[in-house]
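Asks: Before I ask anything, here is the structure I am working with.
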Amino acid sequence: MPVCLPNSESDSVGNYNRLSASQVNAWKACPRLWFYEKVRRLVMPQIPILFVGRAVEEAICQTLKESPCLVMASAPSDVYAPTPLDDEGRPNRNHDASWPAEQLLSLPEKHWPQNKNDLILWATERVKKHLNSSLESMKTEWSKHDRKAGQWEDVDVDRCHMMATNGILMHINEVEKCLLKVSKTILDDWRNGARPQWPAPDGRGFQLDKHPLSQEGDVTWIEAWEISRPWFVDPDAKPFMMNAVHPEHWFQGEYDLVYSWDGAIRIIDIKASLGNNDRSGDYVKQLRMYAFLWWHTHEKQQEVDGLEIWYLAANSQKMIEKPTIKEMDEMGVELKELWGQLREVTPDIEQCPPMPAPMRSFEPGGIPSDKPVKQTRCERCDWSMICPNGTGHDEHPHGGTYQLPGSYAEIEGDPIDELEDRHDIVGHVHTLIHSQSGRAPRITITQANNAFADVQVKAMTHSDGTSTVPEGLEKGDLVRVEKAFFQLNYKGAIVLKVDPFSKIVKIDSDEEVSMSLLKPRARWNIMGTVVYRTEKRGVSARGEWCRKGLMILDNTGAIKIEGWQADWGPQYDMLELGDTVIITNVGMNGWAALTTGEIYRSSRLHIVAED
């Protein structure tokens, strides 16, 4: 069971506040690094190599999902229809119609692989097909990111093909082992349609009477391909919907591959790299934490039997020593304490000192080395310009007043931790228009003072698993819109934005209206140090567009402020990273745990002090 979903009734932690292996490794690398990225939510530059790794892994998984009985090697990469998903983005257990693999006719047997070489020719051709498609989609995703860096043209496509091919060949070795060693019991169960609770994605449903590809007699290469298929996250599923969540909900992880065809559980981590850098040490710790997670999500009754890292660029499979029960018990105590320290209560910057761990040296394939590392952790850190261990400092603005050039008026800057972005507003439903396509309804509410607000439902599911819109909502109902972003649009109209941290609740008619729609403050003046710029470009029906932004930091927090290029004014192009700025008339926006600022035509950027 590689997926363990949270229990919504007992989950007091929530999807956005769990600990993960990557957070643990970031903290141990440097507490200040963790603070900048997890508390201040600074985003490192998005270079193409980060997306290339995802493309290679996706291509491998798309190939593993297919069957050589159903798909010709030369077929398009999208020959399988998308996996039916439920409302949360997981493969839908209640889907009664045909599944993608059932929509394809089996190929004539003369086209089926009859030996290992046939299977290699088919699988390597398929993985290249999928890789080309995955690289193209990742290029599009990278180009849309507002922190993209580098040049996509620098991506070595031949190297990507080599890594994807290495990965699929490692799996075919598993297929051969299965062909030679699979037990009669496992073979018969598979032929009779046995399926685990979360089967490996193969384009089929959760229950089968008899497997359509089953044969008679000894196991065939086709059957070995199907039986040995590891579990992995279905490429069609929504992100982070196939996690394994600790029974106490404070830790989660998502496995790359889980092999179990022989009854032994092996967790594989796929790395599209040589493995010759400091991160190889983190991968070992991550897999050992995954062994701990597997043990806990199986009521401490089942341990993993093996842990491996596949370094695709080195064509190397590194075996990791699995932790003992005693070590997993100790790991659980340590991780639970770390969750309490980092996620149960958010630590202050003073509790996250800039104390980097020494860099580690590895040879290709993740082999530990005694060779000295040429670069320190601080020298390679993306945040050295603001960190005391680099060229920065911890002294940033904390609100204060500023007099604009040529003006007698002083502007009062608002500390970032005092920005009020969410409000509870009570009102009567004035307009309710349900969507025929199942999308969010259009709602407006009103109060007795004739103030109106447009309630924009951007998420239908709350982070606690419940609906953000109550059933049976009708015009005239008294409702409380809880924790909604309070905004004024470009026309000056009030907007209440409902996201996964907000919801609409029907209330009794005698409940007092606690806050007037005219009371919340909609515009703020934010002063801080510029950490980095952001930029997004695209084309719409109206032509080309560009949104630019700044991540700014003060002594209380950090916030990204963005808006249309024309609204920034001339000083945006004059500022340098590290400058102190004040931005006036900023609106509040965001999504879930992330709050952002929005500039408008009335907003102004002023450089207060140069770095």
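The values are calculated or read from the model by the stated rules, or taken from the named source; none is laboratory data. Predicted, not measured: the structure shown is a model, and the values here were computed from it. Neighbour counts are summed over all protein chains in view; Cβ atoms, including those assigned to glycine, are modelled from backbone coordinates with ideal geometry.
Asks: Restricting the first residue to the range 388-410 and requiring it to be in the same structural domain as I552 (by TED's automatic domain parsing) and assigned to a loop (DSSP other than H, G, I, E, B), which pairs with a second residue that is loosely packed, with under 14 Cβ neighbours inside 10 Å and modelled with pLDDT of 85 or more meet a Cβ separation below 9 Å and a spacing of at least six or different chains?
Replies: none
Asks: Follow-up question, since we're still on this one. Suppose we filter the range 338-353 for residues that are outside any helix (DSSP H, G or I) and under 26 Å from the mean Cα position of the chain (by Cα); how many remain?
Replies: The qualifying residues number 5.
Asks: Of all the residues that make up the range 127-158, how many are among the small types (G, A, S) and not in a helix (DSSP H, G or I)?
Replies: 2
Asks: Here is a follow-up. From P372, P356, grab the single residue that is assigned by TED's automatic domain parsing to the domain that holds S273, part of a loop (DSSP other than H, G, I, E, B), of a type outside the set (A, V, I, L, M) and touching a Lys or Arg at 6+ places or on another chain (Cβ under 9 Å).
Replies: Of the residues listed, the single one that is assigned by TED's automatic domain parsing to the domain that holds S273, part of a loop (DSSP other than H, G, I, E, B), of a type outside the set (A, V, I, L, M) and touching a Lys or Arg at 6+ places or on another chain (Cβ under 9 Å) is P356.
Asks: Restricting the range 361-419 to residues that are under 30 Å from K38 (Cα atoms) and of a type in the set (F, W, Y), which is nearest to the chain's Cα centre (by Cα)?
Replies: Top of the filtered list is W383.
Asks: Among the residues of the range 473-497, which ones are among the small types (G, A, S) and crowded, with 17+ Cβ neighbours inside 10 Å?
Replies: Result: A484, single match.
Asks: Let me ask something else about it. Could we say that S273 is in contact (Cβ under 8 Å) with a residue 60 or more places away in the chain and of a type in the set (S, T, N, Q) here? Break it down stepwise before answering.
Replies: Values: in contact (Cβ under 8 Å) with a residue 60 or more places away in the chain: yes; of a type in the set (S, T, N, Q): yes.
Answer is yes for this residue.
Asks: Restricting the range 178-193 to residues that are under 10 Å from S228 (Cα atoms) and touching a residue at least 60 places away in the same chain (Cβ under 8 Å), which is surrounded by the fewest Cβ atoms within 10 Å (Cβ to Cβ)?
Replies: Within the range 178-193, the match that is surrounded by the fewest Cβ atoms within 10 Å (Cβ to Cβ) is V182.
Asks: Now a separate question. Here are the criteria: (1) assigned to a loop (DSSP other than H, G, I, E, B); (2) over 19 Å from F232 (Cα atoms); (3) among the aromatic types (F, W, Y). Tell me which single one W198 does not satisfy.
Replies: So the condition that W198 fails would be (2).
Each row is one residue, and each column tells you yes or no for (1) closer than 30 Å to V479 by Cα; (2) surrounded by fewer than 14 Cβ atoms within 10 Å (Cβ to Cβ); (3) in contact with a Leu (Cβ under 8 Å, 6 or more places away or on another chain).
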position	(1), (2), (3)
P364	no, no, yes
T391	no, yes, no
E395	no, yes, no
S407	no, yes, no
P415	no, no, no
I433	yes, yes, no
A448	yes, yes, no
D454	yes, no, yes
M460	yes, no, no
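Asks: Note down all Cβ pairs under 8 Å where the first residue falls in the range 56-78 and is not assigned by TED's automatic domain parsing to the domain that holds N132 and part of a helix (DSSP H, G or I), the second is modelled with pLDDT of 95 or more and not aromatic (F, W, Y), and they're at least six residues apart or on different chains.
Replies: none
Asks: Condition first: surrounded by 13 or more Cβ atoms within 10 Å (Cβ to Cβ), farther than 25 Å from E576 by Cβ, in contact (Cβ under 8 Å) with a residue 24 or more places away in the chain and in contact with a Phe, Trp or Tyr (Cβ under 7 Å, 6 or more places away or on another chain). Can you find one or more residues in the range 372-380 that meet it?
Replies: Taking every residue of the range 372-380 in turn, none turns out to be surrounded by 13 or more Cβ atoms within 10 Å (Cβ to Cβ), farther than 25 Å from E576 by Cβ, in contact (Cβ under 8 Å) with a residue 24 or more places away in the chain and in contact with a Phe, Trp or Tyr (Cβ under 7 Å, 6 or more places away or on another chain).
Asks: Within the bounds of the range 7-20, is there any residue that is in contact with a Leu (Cβ under 6 Å, 6 or more places away or on another chain) and assigned to a loop (DSSP other than H, G, I, E, B)?
Replies: The answer is no; no qualifying residue exists.
Asks: Given the criteria in a strand (DSSP E or B) and not acidic (D, E), does H423 qualify? Before the answer, list the steps.
Replies: On the way: in a strand (DSSP E or B): yes; not acidic (D, E): yes.
Against the criterion (in a strand (DSSP E or B) and not acidic (D, E)), H423 qualifies.
Asks: Return the total of residues in the range 498-553 being surrounded by fewer than 14 Cβ atoms within 10 Å (Cβ to Cβ), touching a residue at least 40 places away in the same chain (Cβ under 8 Å) and polar (S, T, N, Q).
Replies: 1
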